[in-house]
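Dumping the structure here so I can ask a few things about it.
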Amino acid sequence: MRGPVYPLAIGFIVVYITGCGGSRNIVKEHPLAPVEIFSLVHQRNARIQTLQGDGLITVESPEGSGNGSFEVNLKKPDSLRVEFKGPFGVHVGTLLLSPRRFVYYNKMNNTATIGTPDGKTLRSMFRLKMQFEDMLHAFTGEFPPTHQDDSLLIATSRGNEYILYYHTAEGEKEYTIDGDSFVVTNYRVIDPGGNEILTASSSRIRVNDSIPVPKLVRVTFPQEKRSVTIAYDDITLNQPTSCSFLIPKQAEVIERQ
């Protein structure tokens, strides 16, 4: 997406592409204004208060790629615990995140790395430049909302999806939103030079406890050639859960500033 290609839109433009016979075309029949769309996206996101799940996580980077199974427990707005497992379900590590604290316990060598959950710390451990909220939202299939200073460039639709483009201080953002579930299915951040900084997608949307939730989420940093993919096997929402973790007494503690 390049800025000059999209003229400033006043009002909402609805473009229906034929050939989508299987769609219910709710977007075409009942188009919503962008503020209403994001209100429904927020309502869906807000309904998720806790999440428990398991599946496969894959991290790719120029330094190398790896994957393994995981079990996650999260509690909004401030707790995330991920148990990583290797072949045959062997426990290999535990990641504990809160807005102020990062803990990664490596069971294989009995070390616990402690620091702040900023991009520097997470990248040093997992080769991903992500903040605490980015990690939390990746597991729930949420993406950053628009900022009050963002300006709408164009709003359109394709089949049963809304597509919204915004100009921001950092460049441009593009959202693709499913018109039934109001899950953001695609998200892009583009710098002023037209280069993609971040792309993300969510798919395999299933209804869990009346809440639509994606079972496949992928976040990519194209310029750095890094990505993380979360593929769920099972998800449970809004049940009592614990995100606590105690570092074993005999573990070697490594502090990162």
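For region 131-199, count the residues as N, evaluate 2.2 N^0.38 Å, and divide the Cα radius of gyration by that value, please.
The reported ratio for this selection is 1.12.
For region 135-257, what number results from the quotient of the Cα radius of gyration and 2.2 N^0.38 Å?
1.30
Given the convex hull over the Cα atoms of region 174-217, what projected area results after averaging over all orientations, in nm²?
Mean projected area for region 174-217: 3.2 nm², to one decimal.
Would you mind counting up the charge near Ala231? Only other residues with Cβ under 13 Å from its Cβ, with Lys and Arg at +1 and Asp and Glu at -1.
Taking every other residue near Ala231 into account, the sum is +1.
Once the piece of chain linking Lys76 and Ala231 is laid out straight, how much longer is it, given 0.36 nm per residue of separation minus the C-alpha distance between them?
Stretched out fully, the Lys76 to Ala231 stretch lengthens by 53.8 nm.
Considering Cα pairs under 8 angstrom that are at least six residues apart, work out the relative contact order of region 193-257 and quote it in whole percent.
That works out to 24 percent.
Which loop trypsin sites (Lys or Arg not before Pro) in region 148-257, with loop taken from DSSP, have no more than 14 other Cβ atoms within 10 angstrom of their Cβ?
Sites meeting the loop and neighbour criteria: Lys225, Lys249, Arg256.
Something else: Work out how much length Ile247 to Leu56 would gain on full extension: take 0.36 nm times their residue separation and subtract the Cα-Cα distance, in nm to one decimal.
Gain on extension, Ile247 to Leu56, equals 66.3 nm.
Next up: Can you report the principal axis dimensions of region 57-198 using only the alpha carbons, biggest first, rounded to whole angstrom?
In descending order, the Cα extents are 52, 31, 30 Å.
Extending each Cα 7 Å along its Cβ direction at Gln148 and Ser39, get the distance between those two points in nm, one decimal.
It is 1.8 nm.
Across bins of 5 angstrom width beginning at 0, how are the C-alpha pair distances of region 46-98 distributed, in whole percent?
5, 17, 25, 21, 18, 10, 4, 1
We did not get these values from a lab; they are worked out from the coordinates using the rules stated. From a predicted model like this one, the values you see are computed outputs, not experimental measurements. All Cβ positions, glycine included, derive from the backbone under ideal geometry; neighbour counts span all protein chains shown.
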